[in-house]
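The values are calculated or read from the model by the stated rules, or taken from the named source; none is laboratory data. Predicted model, so just to flag it, every value in this text is computed and none were measured. Cβ placement follows ideal geometry from the backbone for every residue including glycine, while neighbour counts extend to all protein chains displayed. These accessible areas exclude ligands, DNA and RNA; they are computed on the full protein's heavy atoms, side chains included. Shrake-Rupley method; radii C 1.70, N 1.55, O 1.52, S 1.80 Å.
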Amino acid sequence: MDLILGIETSCDETAASVVADGRNVLSNIIYTQIKEHEKYGGVVPEIASRRHIEKIITVIDSALKEANVTFSDLSAIAVTDTPGLIGSLLAGVSTAKALSYAVKKPLVPVNHIHAHIAANYVTNKDLKPPFVCLVASGGHSHIINVKNYYDFETLGQTEDDAPGEAFDKVARVLGLGYPGGPKISKLALEGNPDAVNFPRPHNDLDFSFSGLKTAVINYVHKKEQAKEPISKADISASFEEAVTDVLVSNTIEASKRVSCNKIAIAGGVSANKKLREKMQRKAKENGMDFFCPDLLLCTDNAVMVAGAGYLNYKKGILAKLDLNATANISF
Ligand code: KG4
Ligand code: ZN
């Protein structure tokens, strides 16, 4: 059995986890900084990196304790090295390097997007590639053909904003606070998804959420100028309907093009109930199987890092102590 310690600090969650053989969770510790960033309406990178440094050791300690293991029981230490906020990533990477050196355990670099995909292996114990995975989060939206555990082909991606970013910006305009996704989807339950026909912009399999976000903002401003009342619930429901329509139809179309009948979703936006239900329904209509991670494994966590780290470790994808963090990568 291989025990992997996963470390995740790419954005505003300081997380550590111990996972056995990439699928069985022994511990999952997440210190979320949401409360601190909330008042600024989004993540402040400088605050995020400082907080990671303060919390990371305690979080790792807790992960080992909860799993009832020590460093000597580990096969390797896995850490997110890309993509993300550079200062935040560096906090995790530096800690992982120091630990790897001190406790003499291999260091495994993990791509955050691969990690989101690997969350599906933890929840769905029998899931194996090939499958097509929609990764939708605050920073990314990709439709990825997961050909095998190590071979990823991008079939579609965002041309501008990521869907989570659009949720966050629309929530800000409606005065709902940060992070916008959960707040909008809660309010949407009380609204009519057909109240406003927002655009569903996309370019073939690529997404574009900037235009949709602007359409919502213009709608709100026009109503305000005309001193007409707005229903935040109707706007939330209609916006959510438009975003999920695009995400679902592009993912189903991409799967058809590569003749794949297995669909998965991952990333923070995959916690969205409407997206989960709609994707499941459309997958079924098209004779496809549908997979998604447990809710807790959709948003940033270190279980997924340990999961992806296990796969890299098994293939000998290791890093040396000169490992550096990279903010952006082309995928
Ligand atoms: O994967 P994640 O935790 O961080 C990134 O890698 O970006 O995703 C965070 C994003 C935020 O934009 C948040 O608003 C969105 O995921 N999100 C949701 C929901 N929960 C989180 N969006 C829609 N519906 C949700 N229930
Ligand atoms: Zn993420």
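Overview of values
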| read-out | value |
| --- | --- |
| Flag for residue 178 being open to solvent by 40 Å² or more (accessible area, probe 1.4 Å) and hydroxyl-bearing (Ser, Thr, Tyr) | no |
| Condition check for residue 249: crowded, with 17+ Cβ neighbours inside 10 Å and small (Gly, Ala, Ser) | no |
| Identity of the residue in the stretch 1-13, over 16 Å from residue 65 (Cβ atoms) and not hydroxyl-bearing (Ser, Thr, Tyr), that ends up most open to solvent (accessible area, probe 1.4 Å) | 1 |
| Residue in the stretch 14-27 that is surrounded by fewer than 19 Cβ atoms within 10 Å (Cβ to Cβ) and either of a type in the set (Gly, Ala, Ser) or at pLDDT below 95 (or both) present | yes |
| Residues of the stretch 28-58 classified as open to solvent by less than 10 Å² (accessible area, probe 1.4 Å) and away from ligand 1 (no atom under 15 Å from the Cβ), total | 1 |
| Of all residues in the stretch 286-313 being of a type in the set (Asp, Glu) and out of contact with any Ser or Thr (no Cβ under 6 Å at 6 or more places or on another chain), the one that is farthest from residue 251 (Cα to Cα) | 300 |
| Test: residue in the stretch 196-214 that is in a loop (DSSP other than H, G, I, E, B), buried (at least 18 other Cβ atoms within 10 Å of the Cβ) and more than 23 Å from the chain's Cα centre (by Cα) | yes |
| Check on residue 223, more than 16 Å from ligand 2 (Cβ to nearest atom), assigned to a helix (DSSP H, G or I) and open to solvent by 10 Å² or more (accessible area, probe 1.4 Å) | yes |
| Subset of the stretch 79-136 that is under 22 Å from residue 151 (Cβ atoms), open to solvent by less than 10 Å² (accessible area, probe 1.4 Å) and of a type in the set (S, T, N, Q) - its residue that is nearest to ligand 2 (Cβ to nearest atom) | 80 |
| Subset of the stretch 39-83 that is charged (D, E, K, R) and in contact with a Ser or Thr (Cβ under 6 Å, 6 or more places away or on another chain) - its residue that is nearest to residue 164 (Cα to Cα) | 55 |
| Of residues in the stretch 277-306 being away from ligand 2 (no atom under 12 Å from the Cβ) and within 14 Å of the chain's Cα centre (by Cα), the one surrounded by the most Cβ atoms within 10 Å (Cβ to Cβ) | 303 |
| Extreme residue, surrounded by the fewest Cβ atoms within 10 Å (Cβ to Cβ), among residues of the stretch 181-195 that are of a type outside the set (A, V, I, L, M) and under 23 Å from the mean Cα position of the chain (by Cα) | 186 |
| Scope the stretch 164-186; condition of a type in the set (Gly, Ala, Ser) and either within 15 Å of ligand 2 (Cβ to nearest atom) or not in a loop (DSSP other than H, G, I, E, B) (or both); matching residues | 164, 166, 171, 180, 181, 185 |
| Among the candidates 154, 158, residue that is of a type in the set (S, T, N, Q) and either open to solvent by 70 Å² or more (accessible area, probe 1.4 Å) or more than 16 Å from ligand 2 (Cβ to nearest atom) (or both) | 154 |
| Any hit, the stretch 254-276, residues being among the hydrophobic types (A, V, I, L, M, F, W, C), within 16 Å of ligand 1 (Cβ to nearest atom), surrounded by fewer than 22 Cβ atoms within 10 Å (Cβ to Cβ) and within 28 Å of residue 27 (Cα to Cα) | no |
| Subset tally (residues that are in contact (Cβ under 8 Å) with a residue 24 or more places away in the chain and more than 24 Å from residue 329 (Cβ to Cβ)) for the stretch 1-18 | 3 |
| Single residue of the stretch 131-163 satisfying the filter (among the aromatic types (Phe, Trp, Tyr) and in a strand (DSSP E or B)) that is nearest to residue 111 (Cα to Cα) | 152 |
| Of all residues in the stretch 61-78 being polar (S, T, N, Q) and not in a loop (DSSP other than H, G, I, E, B), the one that is surrounded by the most Cβ atoms within 10 Å (Cβ to Cβ) | 62 |
